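One structure below.
The values are calculated or read from the model by the stated rules, or taken from the named source; none is laboratory data. Just so it is clear, the structure is predicted and the values come from calculations on it, not from any experiment. Glycine also receives a Cβ, built like all others from the backbone with ideal geometry; neighbour counts cover every protein chain displayed. For the accessible areas, the whole protein counts, side chains as well, though only heavy atoms, and no ligand, DNA or RNA atoms are used. Shrake-Rupley method; radii C 1.70, N 1.55, O 1.52, S 1.80 Å.
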Amino acid sequence: MFNAFVDTVRSYYSDTHTIKAVHYYDANGQKDGPYTEYDRNGHVAEKGVYRNHFKFGLVNGWYPNGNNHYQLEFSENVPENEFGVHAFKVINYWDSLGNHSVVNGDGWCKCILQSDFLESGVVRSGLRDSVWTGYLGYVLKFTEEFELGELKRRISYSGGEEVAYSSIRIP
């Protein structure tokens, strides 16, 4: 399943000296294998697997108090979009109070997933559906329209300007 692990890299927070992450790398210097990421207090924040430098399969996330946060499913070799985020399905999502808002791929997600944006929208079969909004702090940054995971239209907001487009450029 994985290339032979060549090296294990442990990174630490410089201010607290607590562990930040453990990743495995192959002979080509690519992340490949199981990984664990930690919050500043040393609690597990996310666990999953990298395959050929991309997240693959189920990725589980937890809040600092140890409660479930999300379960995402990544497909193999899906590149990052221009925001540095890989395509994934939302399998399960819990808010910080423990409310299970996406169950087995269906529900309403008001969530912070693999970016700093607070995103809101409908999830069907693990895919974004209908209208999604994204905020950075209290500022609306985008509105997106999806049809079962397929982006139909996106409007980005920056400096009072609106920019509309129907595809996300993949670098």
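Using the Cβ-Cβ distance between Leu118 and His17 with R0 = 41 Å, the FRET efficiency computed as 1/(1 + (r/R0)^6) comes to roughly 0.85.
Protein heavy-atom accessible surface, 1.4 Å probe, per residue over the chain: 58 Å². With the cut-off at 1.5 for a/c, could you classify the chain from its C-alpha gyration tensor as rounded, prolate or oblate? Prolate. If R0 is 22 Å, what FRET efficiency do you get for Thr8 and Asp39 from their C-beta distance, rounded to 0.05? About 0.60, to the nearest 0.05.
Local charge for Arg40 was computed over the other residues whose Cβ lies under 9 Å away, with Lys and Arg +1 and Asp and Glu -1, and equals -1. Counting Lys +1, Arg +1, Asp -1, Glu -1, what net charge surrounds Glu161 among other residues with beta carbon under 15 Å of its beta carbon? Local charge sum for Glu161: +1.
Going through the cross-link list Lys47/Lys89; Lys55/Lys141; Lys20/Lys47, which pairs have a Cα-Cα distance over 24 Å in this structure? Lys55/Lys141, as the Cα separations exceed 24 Å there.
In terms of the Cα gyration tensor, with a ≥ b ≥ c the square roots of its eigenvalues, is region 112-171 rounded because a/c is under 1.5, prolate because a/b exceeds b/c, or oblate? Verdict is oblate for region 112-171. Rolling a 1.4 Å probe over the protein heavy atoms leaves Phe146 with an accessible area of roughly 30 Å². With the simple model of a label 7 Å out from the Cα in the direction of the Cβ, Arg153 to Ala87 spans 2.2 nm.
Only Cα pairs under 8 Å and 6+ residues apart enter the sum, and on that basis the relative contact order of the chain stands at 10 percent. For Arg128, neighbours were defined as the other residues whose beta-carbon sits under 15 Å from its Cβ, and their charges (Lys and Arg +1, Asp and Glu -1) total -2.
Take Trp62: with every protein chain present and a 1.4 Å probe, its accessible area is about 70 Å². Run the accessible area of the chain with a 1.4 Å probe and give the carbon-and-sulfur part as a rounded percent. For the chain, the apolar C and S fraction of the accessible surface comes to 51 percent. Taking all protein chains as they are arranged and a probe of 1.4 Å, the heavy atoms of Thr16 leave approximately 60 Å² accessible to solvent.
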